[in-house]
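Below you'll find the structure, written out as structure tokens, and then a few comments.
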Amino acid sequence: MANLVIDIGNTLTKFAIFDNDNLLHAEHFTNINADTLTNLLKEYPIKKAIISSVKKDKDKEAWQHILQTKTQLTYFNAAMAIGIQNHYLTPQTLGLDRLAAVTGAKYLYPNKSNLVIDGGTCITYDYIDGEGNYFGGSISPGLTMRYNALNYFTSGLPVVKADGDFNDGYGNSTVSAMQSGVQNGIKYELSGFIENYSKAGKQLNIILTGGDSIFFDTLLKNSIFAPYIKIEPQLVLKGLNAAIQQHND
């Protein structure tokens, strides 16, 4: 029997189906309906399901009631982050997606220090040491949010999208100047955080996850940190799967 793992984020709802640690299926939706979920449950023999949500009204979605009748449904919480010693001063405000990500990092790379960089709506930086101690991290605006903010909060700057081919040190037009400011700004931010955490932990794993993880890897491809970077686009989902396996076994 498989596990169904659901991560409800600010922008997307992500689904994954695991057979133990093996990822069988993954997809994401901007809007999920009951019919889509019902078809998914027909295709795979799912016994257990876990939901993590950054939204406060986590029980609002009608499709969640289908899971309650069809599976052993669990909502991810801090007590399920097995192996994590959480030293966050306000644990009740810690995003469950961040906690699931460090849970996944600890499960995949035990006994090592891990810096998790999640490139989603926001960019989050979360560090967990080799003993499983988690003290917190940082949150900054994400790639798309930065571009949108430049247009929204000014009267003259256009709507510009990220360009993976832009690699200049400065811009020589308004569009390229925006690309330089956003993309080089993120590159310098990433490098600064990685350098800072590298001083704290030996054998530091740099784990990029989230929708912009591949883009961030491109930004860092020529940096001294490139050999230490690991790409785990499904890290949050893997962390949730690890949590439900360890919690119920």
So, taking all protein chains as they sit and a 1.4 Å probe, how much accessible area belongs to residue 166, in Å² rounded to tens? 30
Along Cα→Cβ, 7 Å out, is where each label goes; now give me the distance between the ones at residue 225 and residue 166 in nm to one decimal. 2.0
Rounded to the nearest 5, what is the percent of antiparallel bridges among the DSSP beta bridges in the stretch 1-115? 55
Mean ellipticity per residue at 222 nm, deg cm²/dmol - from DSSP H runs of n ≥ 4 across the chain, formula -39500 (n - 2.57): -9500 deg cm²/dmol
Separation between the residue 20 and residue 75 pseudo-spin-labels, each 7 Å from Cα along Cα→Cβ, expressed in nm? 3.2
Report which label in (i) 18.5; (ii) 12.2; (iii) 14.6 holds the value of mean projected area of the Cα convex hull in nm² derived from the coordinates of this structure. (iii)
Considering only C-alpha atoms, what is the centroid distance from the stretch 90-165 to the stretch 166-239, in Å? 11
DSSP bridge orientation in the stretch 113-244 - percent antiparallel, rounded to nearest 5: 60
Under 10 °C and 1.306 mPa s, how fast does the stretch 67-132 diffuse according to Stokes-Einstein, given a Kirkwood radius computed over C-alpha pairs? Answer in µm²/s, whole number. 122
Listed here are the pairs 48/161; 161/199; 55/187; 47/199; which of them are more than 32 Å apart at the Cα? 48/161; 161/199; 47/199
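The values are calculated or read from the model by the stated rules, or taken from the named source; none is laboratory data. Since this is a predicted model, take the numbers as computed values, not measurements. Every residue, glycine among them, receives a Cβ derived from its backbone with ideal geometry; neighbour counts consider all protein chains shown. Please note that ligands, DNA and RNA were not included when accessible areas were found on the heavy atoms of the full protein model with its side chains. Shrake-Rupley method; radii C 1.70, N 1.55, O 1.52, S 1.80 Å.
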